[in-house]
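*Asks:* Once you've had a glance at the structure underneath, I'll fire off some questions.
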Amino acid sequence: MNADLHCHSTVSDGQLAPAEVARRAHAHGVTLWALTDHDEIGGQAEARDAAQQLGMSYLCGVEISVTWASRTVHVVGLHVDPASQVLIDGLERTRNGRAARAEAMGEQLATLGLPDTYEGALKYVSNPDMISRTHFARYLVDSGCCTSTQDAFTRYLGDGKPGYIAHRWAKLADAVKWIQAAGGEAIIAHPGRYEYTPLEFGALFGEFIDLGGKAIEVITGSHTPDQYAEYADVARRFGFEASRGSDFHAVGEGRVELGSLPPLPSDLKPVWERWL
Ligand code: AMP
Ligand code: MN
Ligand code: MN
Ligand code: MN
């Protein structure tokens, strides 16, 4: 089983269409796949149909932006019904505000000597509801201002950096409930990316468990190999099941290719086993 249960398409901030991501996943040996666009399930039908044609098992997915203790947490939902009205409405409310936030980011970057970045970022946007920091990063790279999207996040766009505009996303409880209402399981995405204290992490995981959350990502393209081990231990301590996904966005961007991560540690229970 080569499960890749976290990646993006042009429906959010990826650069390949859902069917193109499907073909690339299949070509790289993925046998169980989920497309998990940010706050959007508009690509699910195309992804599922493409997976079916390729003979790849498929789970409908989404990655919901959440604000918890003033920081952003991403919650992946797997095996969600894309026709669920609760989920559709919740995601629409979560997307609202992205445009105003992006305009504010453009103004902020202009005060740092980087003019017209909002207009620039818009050229990279494929879904007008889903302008994200990634689109600003691509513009900053292609305009010669930054050497890589990572450089753009490190210097300007990352949380707390000079071009960062704080934003209030969905509540953790709401995101988990929307996923559950749609028949899916909620998974805390790339926990290693969050700058919480140990006490805060304990509270986050505790609240997530109280809401019925059962799994975290352990093997993800957003973790370093050290973090694979660290979050495998977290899964053991909290009794979480584990998930695996590349967080692939675009060819030549990011660290990891679809389907190419190490397997889960064999003592951890894969979250996807319930659907096989
Ligand atoms: P947004 O939803 O607009 O806040 O953008 C979040 C997206 O930016 C994430 O899904 C990643 O694709 C990307 N991102 C966030 N932080 C980083 C980082 N430190 N390095 C590279 N990409 C990042
Ligand atoms: Mn992204
Ligand atoms: Mn994420
Ligand atoms: Mn992601």
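The values are calculated or read from the model by the stated rules, or taken from the named source; none is laboratory data. Everything numeric in this text was worked out from a predicted model, so none of it was measured. Methodologically, a virtual Cβ is constructed for each residue, glycine included, from the backbone with ideal geometry; neighbour enumeration extends over all protein chains shown. Remember, those area values only see protein heavy atoms, side chains included, never the ligands or the DNA or RNA. Shrake-Rupley method; radii C 1.70, N 1.55, O 1.52, S 1.80 Å.
*Asks:* For the stretch 138-148, enumerate the residues that are open to solvent by 30 Å² or more (accessible area, probe 1.4 Å) and part of a helix (DSSP H, G or I).
*Replies:* Passing the criteria: Tyr139, Val141, Asp142.
*Asks:* Across the stretch 236-276, which residue is nearest to Met1 (Cα to Cα) among those that are open to solvent by 60 Å² or more (accessible area, probe 1.4 Å) and under 17 Å from the mean Cα position of the chain (by Cα)?
*Replies:* Within the stretch 236-276, the match that is nearest to Met1 (Cα to Cα) is Arg255.
*Asks:* Turning to a different aspect of this structure: Going by the structure shown, is Ser65 within 24 Å of Ala121 (Cα to Cα), at pLDDT 95 or above, within 16 Å of ligand 3 (Cβ to nearest atom) and out of contact with any Ser or Thr (no Cβ under 7 Å at 6 or more places or on another chain)?
*Replies:* Answer is no for this residue.
*Asks:* May I pose another question? Kindly provide the set of residues from the stretch 68-94 that are within 15 Å of ligand 3 (Cβ to nearest atom) and under 22 Å from Tyr164 (Cα atoms), ordered by number.
*Replies:* Those that are within 15 Å of ligand 3 (Cβ to nearest atom) and under 22 Å from Tyr164 (Cα atoms): Trp68, Arg71, Thr72, Val73, His74, Val75, Thr94.
*Asks:* Look through the stretch 4-55, keep the residues that are more than 12 Å from ligand 4 (Cβ to nearest atom), polar (S, T, N, Q) and closer than 20 Å to Arg95 by Cα, and return whichever of them is most open to solvent (accessible area, probe 1.4 Å).
*Replies:* The selected residue is Gln15.
*Asks:* Next up: Would you pick out the residues in the stretch 78-129 that are of a type in the set (Asp, Glu), within 30 Å of Ser243 (Cβ to Cβ) and open to solvent by 70 Å² or more (accessible area, probe 1.4 Å)?
*Replies:* Result: Asp81, Glu92, Asp129.
*Asks:* Another one. Could you list, in sequence order, the residues of the stretch 63-91 that are over 14 Å from Ile188 (Cβ atoms) and touching an Asp or Glu at 6+ places or on another chain (Cβ under 8 Å)?
*Replies:* Within the stretch 63-91, His79, Leu87, Gly90, Leu91 qualify.
*Asks:* Considering only the stretch 208-223, state which residues are of a type in the set (D, E, K, R) and open to solvent by less than 30 Å² (accessible area, probe 1.4 Å).
*Replies:* Correct list: Glu217 only.
*Asks:* Select from the stretch 185-229 the residues that are without any contact (Cβ under 8 Å) to a residue 24 or more places away in the chain and of a type in the set (Asp, Glu) and write down the one among them that is nearest to ligand 1 (Cβ to nearest atom).
*Replies:* Among residues in the stretch 185-229 that are without any contact (Cβ under 8 Å) to a residue 24 or more places away in the chain and of a type in the set (Asp, Glu), the one nearest to ligand 1 (Cβ to nearest atom) is Asp226.
*Asks:* If Ser65 passes every condition in (1) surrounded by 19 or more Cβ atoms within 10 Å (Cβ to Cβ); (2) in a loop (DSSP other than H, G, I, E, B) but one, which one does it miss?
*Replies:* (2)
*Asks:* Run Ile179 past the list (1) more than 16 Å from ligand 3 (Cβ to nearest atom); (2) surrounded by 23 or more Cβ atoms within 10 Å (Cβ to Cβ) and report the number of the one that doesn't hold.
*Replies:* Tallying (1) more than 16 Å from ligand 3 (Cβ to nearest atom); (2) surrounded by 23 or more Cβ atoms within 10 Å (Cβ to Cβ), Ile179 fails exactly one: (1).
*Asks:* Among the listed residues Ala110, Ala45, identify the single one that is in a helix (DSSP H, G or I), at pLDDT 95 or above and closer than 26 Å to Thr149 by Cβ.
*Replies:* Ala110
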